[in-house]
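S.K.: Below you'll find the structure I mean.
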Amino acid sequence: MKNKSLRRVFIGIILPSIVAIFLFFLSVWLFIIPIVEKNMMDNKKEMIGELTNTAWSLIDEFYQDYTDSIYTKAEAQQLATSKIELMRYGNDGKDYFWISDMSPKMVMHPYRKDLNGKSLRNYEDPNGFKLFVEAVNIAEESGEGYLDYYWQLREDTSHIVQKISYVKAFPEWNWIVGTGIYIEDVQQDISALKNQIINISLVITGIIALILLFIIRQSFRTESKRSQAETSLKSSREKFKSLVEASTEGTLLLVDNQVIYANQTFALFSGYQTEQLLRLRFDDLFDMSWKTMLKRIEEPGKSVTLEGYLKDHNGNPKEMVISLSKTYAQNETRVIVTTRELGMQQRLKIAEQQLSKDIENALIMMNQPISQYVESIISCEPDFPISAAAQKMTRHKKAFILVKQNQRYLGLVTHADICERAVSDGISLVEPITEIMSAPIPYIQHDALMPELLNTFKAKTTDFLCLKNAQNKITGVIAKTAVINPHGNAISVLLQEIQLCDTENDMKAIFLKVPAMIRGMISGGIKPENITRLISSVVDRIACRAIEIAIDEFGSAPCDFAFVALGSEARAEQTLLTDQDNAIIFDDKFADNQNAIDYFMELANRVNHLMHSAGIHLCDGEIMANNPKWNKPLADWKAYFTKWIHKSDPESLLDASIFFDMKAIYGQDKFVEELQEHILTEVKNKAVFFQHMAQIMIQIKMPSVTANEIDIKKIMLPLTGFARIYSLRCPEYETNTVSRLKLAAKNKQITLAAEKDLLQVYDFLMGKRIELQADLILQGEKPKNEMQTSELSEFELSALKKAISILAEYQVQLSADFKGMV
């Protein structure tokens with residue numbers, strides 16, 4: 001027996017462990033180290049490429065000053081070479097940049113000044129390689145690229161080593177700028193990493209050996225106890241029977257879905273004889289399957305009580321309270337079922353539990369992606385006859401079709417369009433599909449959540465929305481019926497209640513429900529990003545309903561317009577301490593129409609008042625649509641942004657930064673989209689604007705965790721500002737902070753490490769901020785952003801300290817990235 005146990009331990013534990021250790025070492029030497037070496041070299045090459053681009057950008061700035069007649073060409077070139085000559089990087093601050101021309105001739109070299117101004121056409125490295133001639137060839141062929149050669153180690157002329165440089169042409173001045181890395185430095189880094197991996201591998205091996213010794217010892221102890229355990233389990237069935245016999249309620253004992261005992265009370269409940277029950281299975285007696293029941297009692301020894309139906313001998317359901325508990329013995333699953341009739345008090349309790357479950361399901365669904373509702377696309381050409389389009393829709397069992405030309409979707413046609421526009425209006429079915437096409441196409445982004453989807457259906461007054469992916473391409477269609485019908489009693493209940501409101505008091509009563517819902521979402525582990533998006537969706541829907549009420553009172557708008565959310569609501573980062581930041585943009589054709597101007601001012605006054613009465617307070621800074629300054633035609637808004645971008649100082653931009661966070665919540669999206677395109681065009685190559693924006697964020701002083709009170713909103717300002725600044729340097733426009741960070745990382749404006757750091761800080765700070773406000777409201781107090789540090793746990797204090805430290809580090813990065821850009 002002992003030898004058998006030893007063999008089992010050796011084959012089952014020791015041998016696999018030895019093989020695993022061998023494979024581990026093999027994979028380290030054959031795969032991991034070569035991959036790490038390649039990655040380190042690739043990263044170094046990528047680094048010198050980015051550094052060369054930085055020096056190139058500096059030359060370009062002086063070239064722009066020359067073209068703007070700020071400097072003469074000679075002055076601009078001299079300033080550029082002087083700046084770059086002083087630029088250093090690397091661990092010891094000795095790595096440098098050099099400039100040559102296309103002759104080639106050395107324009108500037110910080111360590112080989114003897115070469116400055118001299119022809120390099122015949123200059124060779126120790127291997128006879130004409131490196132500067134090759135640099136010219138690279139510049140002429142592709143404009144930029146890598147160059148391998150031998151060169152002195154920094155200022156040490158006696159030490160010649162292998163080097164890789166990245167060179168890039170600046171054709172306006174016929175220059176080539178470059179910098180490089182020494183292979184000797186990279187090899188030293190790789191050697192250090194190899195030693196570290198070897199040491200770690202040896203430590204892991206030692207730990208595994210100790211664990212093996214412990215496991216072997218425990219295995220022998222386990223074998224000695226096995227026979228004792230098997231003997232004690234033989235009497236378990238009899239013990240179960242004794243327990244069932246003692247029960248005063250209807251009781252069953254089941255083993256692997258088979259009844260092995262039933263007491264007399266259960267026989268009375270069911271109408272079966274005891275002998276008949278012993279031939280039945282669990283599935284025969286209850287309205288749930290054996291597998292479903294086992295899933296509800298996964299933890300052995302824990303009792304679960306639920307409401308269900310017992311099927312009596314006539315097949316009639318009898319409502320019962322059923323208690324279930326499970327245990328294992330001799331490889332058998334044993335379940336004890338006790339039943340009692342359902343009283344009135346129990347019925348009320350079950351109804352309450354069902355309501356709680358409905359709310360929980362609603363919260364879960366609000367956090368789910370909308371991709372599950374997407375249908376595939378069918379399309380046709382613009383000259384496709386209406387009748388042929390209808391036949392294609394019928395064949396594919398679709399209620400829509402997209403009109404497509406040259407790989408671009410032009411419009412949407414639905415079954416309702418064919419019935420109402422073609423048939424009812426008498427348009428011939430042989431006419432092209434464009435006669436009844438709707439354009440522009442209503443759409444929603446792929447990362448929207450359920451509340452945002454419901455709001456968009458409402459705002460667009462459409463039954464179909466196209467889905468756009470991360471590259472802004474249409475990839476599918478979502479039907480309104482697919483969303484509303486399955487979840488009408490869960491996800492959309494709150495938003496639908498808002499839609500039924502007729503007065504500000506109705507909206508206020510609904511808005512007061514939000515804190516309790518948010519507290520439940522926090523307890524359920526829902527991400528802060530999605531919680532703020534839900535709050536923003538509720539505020540958006542209240543604003544939309546207020547606009548509808550106002551339009552019912554004043555009549556239809558005289559022209560197209562957009563009611564625009566600003567700041568945190570536009571970023572979908574609304575908290576429970578919320579005020580109004582909004583504006584109106586209307587059609588330029590009515591810029592001088594006094595009736596239109598008066599209408600939109602009256603509309604704004606009414607909407608702002610309704611939202612204030614509903615609990616969304618007026619803005620102290622009067623950044624609202626009822627301020628004539630923020631109720632303007634599109635051209636005026638473009639002029640505002642042009643002035644802010646070109647002529648503002650940091651103090652003025654501090655007040656204007658909220659307007660760079662903008663989204664349309666009612667009316668025409670096209671106004672906001674055109675304005676955002678205008679912003680992206682204007683900020684290109686505007687270094688002063690970005691420096692001023694960065695200066696605002698840099699000047700925000702981070703608090704100490706030793707303070708009694710910390711303003712979370714103030715701490716988060718550098719984070720939202722950081723995301724705003726770097727995203728504005730990207731080709732697309734985003735408003736949400738999380739989306740901005742992801743966009744900036746995608747476009748390599750920030751590193752992936754920065755994205756990860758700041759997203760974690762965002763989740764922590766926003767989570768604490770919402771939790772604080774929800775708790776205060778539920779306690780009958782006013783929400784606030786100031787958090788008492790004495791109420792935080794040690795873990796939370798540590799996390800807060802780390803978050804503040806990370807934000808301070810990225811303030812330094814802002815300073816470094818935008819310093820001296822003027």
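The values are calculated or read from the model by the stated rules, or taken from the named source; none is laboratory data. Note that the structure is predicted; figures quoted are calculated from it, not measured. Neighbour counts run over all protein chains shown; Cβ positions are idealised from the backbone, glycine included. These accessible areas exclude ligands, DNA and RNA; they are computed on the full protein's heavy atoms, side chains included. Shrake-Rupley method; radii C 1.70, N 1.55, O 1.52, S 1.80 Å.
S.K.: What distance in nm lies between label points placed 7 Å from Cα along the C-beta direction at D68 and S438?
M.R.: A separation of 4.8 nm, rounded to one decimal place.
S.K.: A 18 angstrom limit on the alpha carbon distance is what I want to check against. Which of K73/K168; K701/K802; K714/K801 exceed it?
M.R.: Exceeds cut-off: K73/K168.
S.K.: Answer with one residue from F62, L741, T251: the one whose Cα lies farthest towards the positive end of the charge dipole of the chain, charges on Cβ with Lys, Arg +1 and Asp, Glu -1.
M.R.: T251
S.K.: Hey, another quick one. If I take every Cα pair under 8 Å that is 6 or more residues apart in the stretch 635-708, average their sequence separation and divide by the length, what percent do I get for the relative contact order?
M.R.: 45 percent
S.K.: Would you work out the charge dipole size for the stretch 694-752 about its Cα centre, treating the Cβ of every Lys and Arg as +1 and the Cβ of every Asp and Glu as -1, and quote it to the nearest 20 debye?
M.R.: 200 debye
S.K.: May I ask for the Kirkwood hydrodynamic radius of the stretch 368-412, worked out over all distinct Cα pairs and given in angstroms to one decimal?
M.R.: 11.5 Å
S.K.: Okay, next question. Scale the Cα Rg of the stretch 687-822 by the rule-of-thumb value 2.2 N^0.38 Å and send over the ratio, two decimals.
M.R.: Relative to the rule-of-thumb radius for its length, the stretch 687-822 sits at 1.11.
S.K.: Please list, or write none, the aspartates and glutamates whose alpha carbon is within less than 15 Å of the alpha carbon of K784, excluding same-chain residues fewer than 8 places away.
M.R.: Filter leaves D579, E709, D711, E771, D775.
S.K.: Now a separate question. For the stretch 45-112 and the stretch 546-609, what is the separation of their Cα centres, given in Å?
M.R.: Using only Cα atoms, the two centres lie 51 Å from each other.
S.K.: Suppose R0 equals 45 Å. What FRET efficiency, 1/(1 + (r/R0)^6) with r the Cβ-Cβ distance, do V203 and E155 give to the nearest 0.05?
M.R.: Rounded to the nearest 0.05, the efficiency is 0.65.
S.K.: While we're here: Give the whole-number value, in cubic angstrom per residue, of the convex hull volume spanned by the C-alpha atoms of the stretch 551-658.
M.R.: That works out to 110 Å³ per residue.
S.K.: Quick check: net charge around A570, other residues with Cβ under 9 Å of its Cβ, Lys/Arg +1 and Asp/Glu -1?
M.R.: Computed value for this residue: -2.
S.K.: Using Cα-Cα distances under 8 Å and only pairs 6 or more residues apart, what relative contact order does the chain have, in percent?
M.R.: Once divided by the residue count of the chain, the mean separation gives 6 percent.
S.K.: What is the P(r) of the chain, as percent of Cα-Cα pairs per 10 Å bin from 0?
M.R.: Using 10 Å bins, I get a P(r) of 2, 9, 13, 16, 16, 17, 13, 8, 4, 2, 0, 0 for the chain.
S.K.: With Cβ to Cβ distances under 11 Å as the rule, what net charge do the other residues near L618 carry (K, R +1; D, E -1)?
M.R.: It works out to a net charge of -4.
S.K.: Shifting gears a bit: So if I place +1 on the C-beta of Lys and Arg and -1 on the C-beta of Asp and Glu, and nothing else carries charge, what would the dipole magnitude of the chain be about its Cα centre? I want it in debye, nearest 20.
M.R.: Dipole about the Cα centre, nearest 20: 3720 debye.
S.K.: Tell me which residues come under 5 Å, amide H to amide H, from Q574 once H is placed; ignore anything under 5 positions away on its chain.
M.R.: S536
S.K.: Among the lysines, select those whose C-alpha is under 21 Å from the C-alpha of K746, and discard any that sit fewer than 8 residues away in the same chain.
M.R.: The qualifying lysines are K44, K45, K468, K473, K684, K756.
S.K.: Stretch T751-K397 to full length: gain in nm at 0.36 nm per residue minus the Cα-Cα span?
M.R.: Net length gain for the segment: 122.8 nm.
S.K.: Moving on to the next point. Could you state, as a whole-number percent, how many of the C-alpha pairs of the stretch 610-713 are farther apart than 17 Å?
M.R.: Tail of the P(r) past 17 Å holds 64 percent of the pairs.
S.K.: I would also like to ask the following. Just going by the charge dipole of the stretch 666-822, with Lys and Arg at +1 and Asp and Glu at -1 on Cβ, which of F764, M716, H692 is farthest out on the positive end?
M.R.: H692
S.K.: Report the dimensions of the stretch 590-645 along its three principal axes from the alpha-carbon atoms, largest first, rounded to Å.
M.R.: Each principal axis gives a Cα extent; for the stretch 590-645 these are 34, 30, 11 Å.
S.K.: Let me ask something else about it. Over the stretch 540-604, what number does the Rg to Rh ratio reach, with both radii from the alpha-carbon atoms and Rh per Kirkwood?
M.R.: My calculation puts Rg/Rh at 1.01.
S.K.: Just to be sure I understand the rule: take each whole DSSP H helix in the chain, project its Cα atoms onto its long axis, keep it if the span is 30 Å or more and its mean Kyte-Doolittle hydropathy is at least -1.0. Which ones pass?
M.R.: 33-67, 183-233, 344-366, 528-554, 752-778, 794-818
S.K.: Out of N472, Y182, Y409, whose Cα points farthest toward the positive end of the dipole of the chain (charges: +1 Lys, Arg; -1 Asp, Glu; placed on Cβ)?
M.R.: Y182
S.K.: Which percent of the accessible heavy-atom area of the chain goes to carbon and sulfur, probe 1.4 angstrom?
M.R.: Percent of accessible area from carbon and sulfur atoms in the chain: 52.
S.K.: Just to confirm, what accessible area per residue do you get for the chain at 1.4 Å probe, in whole Å²?
M.R.: 51 Å²
S.K.: Here's another thing I want to ask about it. Taking the Cβ of P628 as the centre, find all other residues whose Cβ is under 13 Å away and add up their charges (Lys, Arg: +1; Asp, Glu: -1).
M.R.: That sum, taken over residues with Cβ under 13 Å, equals -2.
S.K.: Which distance in Å, rounded to a whole number, links the C-alpha centroids of the stretch 706-776 and the stretch 152-220?
M.R.: Value for the Cα centre distance between the two parts: 33 Å.
S.K.: Would you list, by chain and number, the lysines whose Cα falls below 24 Å from the Cα of K589, excluding same-chain residues fewer than 8 positions away?
M.R.: K460, K629, K632, K638, K643, K663, K670
S.K.: Something else: Can you work out ³J(HN,Hα) from phi for every residue in the stretch 411-421, in order, using Karplus 6.51 cos²θ - 1.76 cosθ + 1.60 and θ = phi - 60°, giving whole Hz and x for Gly and Pro?
M.R.: Taking θ as phi minus 60°, the curve returns x, 10, 10, 10, 4, 5, 4, 5, 6, 8, 8 Hz for the stretch 411-421.
S.K.: Something else about it: Once the piece of chain linking I211 and S119 is laid out straight, how much longer is it, given 0.36 nm per residue of separation minus the C-alpha distance between them?
M.R.: Extra length from I211 to S119 when fully extended: 26.3 nm.
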